[in-house]
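In what follows, a single structure is set out as C-alpha coordinates and then discussed.
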Amino acid sequence: MHLGHELHRISTNVRFLTGSLLLPEYAAALAERLFLTPPKARLPQSTFFDFLDARASFVEYRGRNLATWRWGPLDAPAVLLAHGWGGHAAQMRGFVPRLLAEGFRVIAYDQPAHGLSEGKLTGLPDFAGALEAVAAHHGSVRHVITHSLAGAAAAMAVSRGLRLTSTVLVSPPSDLVGYSRRFARWYWMPEALRRAMQAAIEERFGLRWFEFEIPRLAPRLKTPALVIHDHRDAVVPWTQGAALARAWPGARLLSTVGLGHGRILESDITTRAAADFIAGKSEVASPAAPALPPPAPVY
(Lines give C-alpha, C1' and ligand atoms only; values in the text may rest on other atoms or scores of the structure.)
Protein backbone atom coordinates (compact mmCIF):
# COMPACT_ATOMS: atom_id res chain seq x y z
CA MET A 1 0.00 0.00 0.00
CA HIS A 2 1.18 3.55 -0.75
CA LEU A 3 2.72 5.19 2.35
CA GLY A 4 0.45 8.22 2.06
CA HIS A 5 -2.67 6.02 1.98
CA GLU A 6 -1.46 4.03 4.97
CA LEU A 7 -0.77 7.18 7.00
CA HIS A 8 -4.22 8.51 6.10
CA ARG A 9 -5.82 5.25 7.24
CA ILE A 10 -3.93 5.33 10.55
CA SER A 11 -5.03 8.93 11.08
CA THR A 12 -8.65 7.92 10.40
CA ASN A 13 -8.32 4.97 12.77
CA VAL A 14 -7.09 7.23 15.58
CA ARG A 15 -10.06 9.54 14.98
CA PHE A 16 -12.40 6.57 15.34
CA LEU A 17 -10.77 5.40 18.56
CA THR A 18 -10.84 8.81 20.21
CA GLY A 19 -14.16 9.85 18.69
CA SER A 20 -15.94 6.73 19.90
CA LEU A 21 -15.00 7.71 23.44
CA LEU A 22 -15.42 11.50 23.31
CA LEU A 23 -17.90 12.16 20.48
CA PRO A 24 -19.73 8.90 19.75
CA GLU A 25 -22.43 10.46 17.51
CA TYR A 26 -19.80 12.22 15.38
CA ALA A 27 -17.76 9.02 15.13
CA ALA A 28 -20.83 7.04 14.05
CA ALA A 29 -21.66 9.60 11.35
CA LEU A 30 -18.05 9.54 10.12
CA ALA A 31 -18.06 5.73 10.04
CA GLU A 32 -21.36 5.67 8.15
CA ARG A 33 -20.04 8.00 5.44
CA LEU A 34 -16.83 6.01 5.12
CA PHE A 35 -18.74 2.71 4.84
CA LEU A 36 -21.05 4.12 2.14
CA THR A 37 -18.32 5.82 0.06
CA PRO A 38 -17.04 3.51 -2.69
CA PRO A 39 -13.35 3.59 -3.59
CA LYS A 40 -12.51 5.31 -6.84
CA ALA A 41 -11.87 2.70 -9.50
CA ARG A 42 -8.68 2.94 -11.53
CA LEU A 43 -10.04 2.75 -15.05
CA PRO A 44 -7.72 1.18 -17.63
CA GLN A 45 -6.90 3.20 -20.73
CA SER A 46 -8.85 0.70 -22.84
CA THR A 47 -12.12 1.50 -21.05
CA PHE A 48 -13.16 4.09 -23.64
CA PHE A 49 -12.86 1.54 -26.44
CA ASP A 50 -14.97 -0.99 -24.52
CA PHE A 51 -18.06 1.11 -25.25
CA LEU A 52 -17.43 2.37 -28.78
CA ASP A 53 -19.86 -0.23 -30.16
CA ALA A 54 -22.55 0.46 -27.53
CA ARG A 55 -25.41 2.95 -27.34
CA ALA A 56 -25.01 5.13 -24.25
CA SER A 57 -27.86 6.67 -22.23
CA PHE A 58 -28.75 7.72 -18.70
CA VAL A 59 -31.43 6.35 -16.39
CA GLU A 60 -32.73 8.46 -13.50
CA TYR A 61 -32.78 6.75 -10.13
CA ARG A 62 -33.77 8.65 -6.98
CA GLY A 63 -32.62 11.97 -8.42
CA ARG A 64 -29.32 10.61 -9.75
CA ASN A 65 -28.42 9.82 -13.35
CA LEU A 66 -27.01 6.34 -13.90
CA ALA A 67 -24.83 5.77 -16.97
CA THR A 68 -25.92 2.79 -19.09
CA TRP A 69 -24.74 1.14 -22.29
CA ARG A 70 -26.63 -1.18 -24.66
CA TRP A 71 -25.60 -3.70 -27.29
CA GLY A 72 -27.88 -5.70 -29.59
CA PRO A 73 -31.35 -5.25 -31.12
CA LEU A 74 -34.12 -3.56 -29.15
CA ASP A 75 -36.57 -6.42 -29.65
CA ALA A 76 -34.25 -9.09 -28.19
CA PRO A 77 -34.58 -10.37 -24.61
CA ALA A 78 -32.11 -8.49 -22.41
CA VAL A 79 -29.31 -9.52 -20.07
CA LEU A 80 -28.36 -6.93 -17.44
CA LEU A 81 -24.71 -6.76 -16.30
CA ALA A 82 -24.19 -5.36 -12.77
CA HIS A 83 -20.70 -4.69 -11.40
CA GLY A 84 -19.74 -4.76 -7.74
CA TRP A 85 -18.54 -2.38 -5.03
CA GLY A 86 -15.76 -0.09 -6.23
CA GLY A 87 -16.04 -1.49 -9.76
CA HIS A 88 -17.25 -0.17 -13.10
CA ALA A 89 -19.30 -1.32 -16.08
CA ALA A 90 -16.26 -2.07 -18.26
CA GLN A 91 -15.33 -4.93 -15.92
CA MET A 92 -18.37 -6.81 -17.27
CA ARG A 93 -17.43 -6.29 -20.94
CA GLY A 94 -16.14 -9.86 -21.31
CA PHE A 95 -19.69 -11.25 -21.13
CA VAL A 96 -20.95 -9.20 -24.07
CA PRO A 97 -19.66 -11.11 -27.15
CA ARG A 98 -20.98 -14.53 -26.08
CA LEU A 99 -24.36 -13.10 -25.08
CA LEU A 100 -24.72 -11.25 -28.40
CA ALA A 101 -23.84 -14.47 -30.21
CA GLU A 102 -26.69 -16.17 -28.35
CA GLY A 103 -29.12 -13.52 -29.62
CA PHE A 104 -29.51 -11.41 -26.51
CA ARG A 105 -29.58 -7.66 -26.00
CA VAL A 106 -26.99 -6.70 -23.36
CA ILE A 107 -27.14 -3.76 -20.94
CA ALA A 108 -24.35 -2.62 -18.61
CA TYR A 109 -24.39 0.30 -16.19
CA ASP A 110 -22.36 2.10 -13.55
CA GLN A 111 -23.75 1.71 -10.03
CA PRO A 112 -24.78 4.83 -8.05
CA ALA A 113 -21.70 6.82 -6.98
CA HIS A 114 -19.53 4.74 -9.33
CA GLY A 115 -17.93 5.53 -12.68
CA LEU A 116 -19.97 8.02 -14.72
CA SER A 117 -23.09 7.67 -12.55
CA GLU A 118 -23.98 10.44 -10.12
CA GLY A 119 -23.84 10.32 -6.34
CA LYS A 120 -21.33 10.25 -3.52
CA LEU A 121 -22.79 7.73 -1.06
CA THR A 122 -24.40 4.39 -1.83
CA GLY A 123 -25.02 0.94 -0.37
CA LEU A 124 -26.66 -2.42 -0.94
CA PRO A 125 -30.29 -1.12 -0.97
CA ASP A 126 -29.20 1.43 -3.60
CA PHE A 127 -27.61 -1.34 -5.66
CA ALA A 128 -30.89 -3.29 -5.57
CA GLY A 129 -32.98 -0.22 -6.41
CA ALA A 130 -30.68 0.78 -9.26
CA LEU A 131 -30.86 -2.72 -10.74
CA GLU A 132 -34.66 -2.56 -10.65
CA ALA A 133 -34.70 0.94 -12.18
CA VAL A 134 -32.34 0.09 -15.05
CA ALA A 135 -34.26 -3.13 -15.78
CA ALA A 136 -37.59 -1.26 -15.83
CA HIS A 137 -36.24 1.51 -18.07
CA HIS A 138 -34.77 -0.79 -20.73
CA GLY A 139 -37.55 -3.37 -20.57
CA SER A 140 -37.68 -7.10 -21.37
CA VAL A 141 -34.81 -7.84 -18.98
CA ARG A 142 -34.96 -11.61 -18.54
CA HIS A 143 -31.53 -12.34 -17.08
CA VAL A 144 -28.96 -10.71 -14.81
CA ILE A 145 -25.22 -11.32 -14.40
CA THR A 146 -23.73 -9.77 -11.27
CA HIS A 147 -20.35 -9.42 -9.61
CA SER A 148 -19.63 -9.27 -5.88
CA LEU A 149 -22.05 -7.02 -3.92
CA ALA A 150 -24.39 -6.77 -6.91
CA GLY A 151 -25.16 -10.46 -6.35
CA ALA A 152 -26.69 -9.67 -2.96
CA ALA A 153 -28.52 -6.77 -4.62
CA ALA A 154 -29.96 -9.12 -7.24
CA ALA A 155 -31.19 -11.43 -4.48
CA MET A 156 -32.93 -8.46 -2.84
CA ALA A 157 -34.50 -7.39 -6.13
CA VAL A 158 -35.73 -10.90 -6.95
CA SER A 159 -37.16 -11.29 -3.43
CA ARG A 160 -39.06 -8.02 -3.95
CA GLY A 161 -40.66 -9.22 -7.17
CA LEU A 162 -38.22 -8.64 -10.03
CA ARG A 163 -39.21 -11.33 -12.53
CA LEU A 164 -36.25 -13.03 -14.19
CA THR A 165 -35.72 -16.23 -16.14
CA SER A 166 -32.23 -16.76 -14.69
CA THR A 167 -29.47 -15.02 -12.79
CA VAL A 168 -25.71 -15.58 -12.59
CA LEU A 169 -23.89 -14.41 -9.47
CA VAL A 170 -20.10 -14.16 -9.68
CA SER A 171 -18.25 -13.98 -6.34
CA PRO A 172 -21.30 -12.97 -4.28
CA PRO A 173 -21.17 -12.19 -0.55
CA SER A 174 -23.70 -13.71 1.85
CA ASP A 175 -22.64 -12.24 5.22
CA LEU A 176 -22.91 -8.45 5.30
CA VAL A 177 -22.60 -8.15 9.07
CA GLY A 178 -19.39 -10.15 8.82
CA TYR A 179 -18.14 -7.75 6.16
CA SER A 180 -18.92 -4.80 8.43
CA ARG A 181 -16.89 -6.46 11.20
CA ARG A 182 -13.88 -6.85 8.90
CA PHE A 183 -14.34 -3.21 7.90
CA ALA A 184 -14.46 -2.21 11.58
CA ARG A 185 -11.29 -4.16 12.40
CA TRP A 186 -9.48 -2.51 9.49
CA TYR A 187 -10.34 0.93 10.89
CA TRP A 188 -9.86 0.03 14.58
CA MET A 189 -13.54 0.60 15.38
CA PRO A 190 -14.81 -0.69 18.70
CA GLU A 191 -17.83 -2.99 18.39
CA ALA A 192 -20.08 -0.35 19.95
CA LEU A 193 -19.12 2.08 17.17
CA ARG A 194 -19.71 -0.59 14.50
CA ARG A 195 -23.21 -1.19 15.88
CA ALA A 196 -23.89 2.57 15.89
CA MET A 197 -22.70 2.75 12.28
CA GLN A 198 -25.01 -0.12 11.34
CA ALA A 199 -27.95 1.59 13.06
CA ALA A 200 -27.26 4.83 11.17
CA ILE A 201 -27.15 3.00 7.82
CA GLU A 202 -30.37 1.14 8.66
CA GLU A 203 -32.07 4.45 9.44
CA ARG A 204 -30.80 6.02 6.19
CA PHE A 205 -32.24 3.26 4.00
CA GLY A 206 -35.23 2.29 6.15
CA LEU A 207 -34.15 -1.37 6.21
CA ARG A 208 -32.74 -3.60 8.94
CA TRP A 209 -29.64 -5.55 8.04
CA PHE A 210 -31.19 -8.88 8.95
CA GLU A 211 -33.58 -8.30 6.05
CA PHE A 212 -30.59 -8.65 3.68
CA GLU A 213 -29.64 -12.13 4.92
CA ILE A 214 -29.87 -14.69 2.14
CA PRO A 215 -31.54 -17.42 4.29
CA ARG A 216 -34.29 -14.92 5.09
CA LEU A 217 -34.73 -14.05 1.40
CA ALA A 218 -34.44 -17.67 0.21
CA PRO A 219 -38.14 -18.62 0.27
CA ARG A 220 -38.81 -15.82 -2.24
CA LEU A 221 -35.88 -16.64 -4.57
CA LYS A 222 -37.67 -18.57 -7.32
CA THR A 223 -35.34 -17.60 -10.18
CA PRO A 224 -32.90 -20.32 -11.36
CA ALA A 225 -29.40 -19.25 -10.31
CA LEU A 226 -25.79 -20.10 -11.05
CA VAL A 227 -23.09 -19.06 -8.58
CA ILE A 228 -19.49 -18.86 -9.85
CA HIS A 229 -16.82 -18.37 -7.18
CA ASP A 230 -13.08 -18.89 -6.88
CA HIS A 231 -11.60 -20.94 -4.05
CA ARG A 232 -8.80 -18.37 -3.68
CA ASP A 233 -10.96 -15.25 -3.61
CA ALA A 234 -9.24 -12.99 -1.07
CA VAL A 235 -12.00 -10.33 -1.09
CA VAL A 236 -15.17 -12.41 -0.70
CA PRO A 237 -14.31 -15.90 0.59
CA TRP A 238 -15.51 -18.88 -1.45
CA THR A 239 -17.44 -20.10 1.59
CA GLN A 240 -19.78 -17.12 1.21
CA GLY A 241 -20.65 -17.91 -2.40
CA ALA A 242 -21.10 -21.57 -1.48
CA ALA A 243 -23.40 -20.63 1.39
CA LEU A 244 -25.49 -18.44 -0.92
CA ALA A 245 -25.72 -21.24 -3.49
CA ARG A 246 -26.87 -23.70 -0.81
CA ALA A 247 -29.50 -21.27 0.50
CA TRP A 248 -30.87 -20.29 -2.94
CA PRO A 249 -33.39 -23.01 -3.89
CA GLY A 250 -32.11 -25.11 -6.80
CA ALA A 251 -29.02 -22.95 -7.37
CA ARG A 252 -25.96 -24.42 -9.07
CA LEU A 253 -22.36 -23.78 -8.08
CA LEU A 254 -19.28 -23.60 -10.30
CA SER A 255 -16.01 -23.30 -8.37
CA THR A 256 -12.77 -22.13 -9.97
CA VAL A 257 -9.20 -22.07 -8.69
CA GLY A 258 -6.67 -19.28 -9.13
CA LEU A 259 -8.89 -16.59 -10.67
CA GLY A 260 -9.39 -14.55 -7.51
CA HIS A 261 -12.03 -11.87 -7.14
CA GLY A 262 -11.37 -9.68 -10.18
CA ARG A 263 -9.75 -11.81 -12.88
CA ILE A 264 -12.66 -14.25 -12.67
CA LEU A 265 -14.64 -11.77 -14.77
CA GLU A 266 -12.10 -12.04 -17.61
CA SER A 267 -11.94 -15.83 -17.70
CA ASP A 268 -13.39 -17.84 -20.58
CA ILE A 269 -14.56 -20.34 -17.97
CA THR A 270 -16.79 -17.69 -16.40
CA THR A 271 -18.12 -16.02 -19.54
CA ARG A 272 -18.85 -19.35 -21.25
CA ALA A 273 -20.57 -20.84 -18.20
CA ALA A 274 -22.69 -17.70 -17.73
CA ALA A 275 -23.76 -17.54 -21.39
CA ASP A 276 -24.55 -21.26 -21.51
CA PHE A 277 -26.60 -21.08 -18.32
CA ILE A 278 -28.59 -18.10 -19.54
CA ALA A 279 -29.13 -19.72 -22.94
CA GLY A 280 -30.50 -22.81 -21.20
CA LYS A 281 -27.82 -25.24 -22.30
CA SER A 282 -25.57 -25.43 -19.25
CA GLU A 283 -24.05 -28.76 -18.27
CA VAL A 284 -21.18 -27.22 -16.32
CA ALA A 285 -22.35 -26.75 -12.75
CA SER A 286 -23.98 -29.25 -10.44
CA PRO A 287 -26.82 -28.47 -8.03
CA ALA A 288 -25.24 -26.79 -5.01
CA ALA A 289 -27.29 -28.00 -2.09
CA PRO A 290 -26.75 -31.78 -2.25
CA ALA A 291 -23.18 -31.56 -3.49
CA LEU A 292 -21.66 -29.26 -0.88
CA PRO A 293 -20.77 -30.00 2.74
CA PRO A 294 -21.80 -27.34 5.26
CA PRO A 295 -19.31 -24.48 4.80
CA ALA A 296 -16.86 -23.77 7.58
CA PRO A 297 -17.52 -20.59 9.58
CA VAL A 298 -15.88 -17.53 8.05
CA TYR A 299 -15.62 -15.57 11.29
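The values are calculated or read from the model by the stated rules, or taken from the named source; none is laboratory data. Keep in mind that what you see is a predicted model, and the values were worked out from it rather than measured. Virtual Cβ from ideal backbone geometry, glycine too; neighbours counted across all protein chains shown.
Brief remarks follow.
- Within the stretch 93-106, residues that are buried (at least 17 other Cβ atoms within 10 Å of the Cβ) sit with their Cβ atoms under 7 Å from residues that are among the polar types (S, T, N, Q), at 6+ positions apart or across chains, in these pairs: Gly94/Thr271; Phe95/Thr271; Arg98/Thr271.
- If you filter the stretch 86-120 down to residues that are outside any strand (DSSP E or B) and touching a Ser or Thr at 6+ places or on another chain (Cβ under 6 Å), you find that the one that is farthest from Arg142 (Cα to Cα) is Ala113.
- Enumeration of residues in the stretch 195-224 that are among the charged types (D, E, K, R) and closer than 14 Å to Leu36 by Cβ: Glu202, Glu203, Arg204
- The stretch 135-168: number of residues that are surrounded by fewer than 24 Cβ atoms within 10 Å (Cβ to Cβ), in contact with a Ser or Thr (Cβ under 6 Å, 6 or more places away or on another chain) and part of a helix (DSSP H, G or I): 1
- Selection count where residues are in contact with a His (Cβ under 9 Å, 6 or more places away or on another chain), surrounded by fewer than 23 Cβ atoms within 10 Å (Cβ to Cβ) and either in contact (Cβ under 8 Å) with a residue 60 or more places away in the chain or closer than 16 Å to Ala154 by Cα (or both), scope the stretch 234-255: 1
- Checking each residue in the stretch 171-188 for being more than 14 Å from Leu124 (Cβ to Cβ) and outside any helix (DSSP H, G or I) picks out Ser171, Tyr187, Trp188.
- Residue count, the stretch 127-155 (criterion: in contact (Cβ under 8 Å) with a residue 24 or more places away in the chain and more than 11 Å from the chain's Cα centre (by Cα)): 14
- The stretch 189-217, residues that are of a type in the set (Gly, Ala, Ser) and farther than 19 Å from Phe127 by Cβ: Ala192, Ala196, Ala199
- Single residue of the stretch 18-44 satisfying the filter (surrounded by fewer than 20 Cβ atoms within 10 Å (Cβ to Cβ), at pLDDT below 90 and hydroxyl-bearing (Ser, Thr, Tyr)) that is nearest to Tyr187 (Cα to Cα): Thr18
- Single condition Ala128 does not satisfy, out of (1) crowded, with 24+ Cβ neighbours inside 10 Å; (2) in contact with a strand residue (DSSP E or B) (Cβ under 9 Å, 6 or more places away or on another chain): (2)
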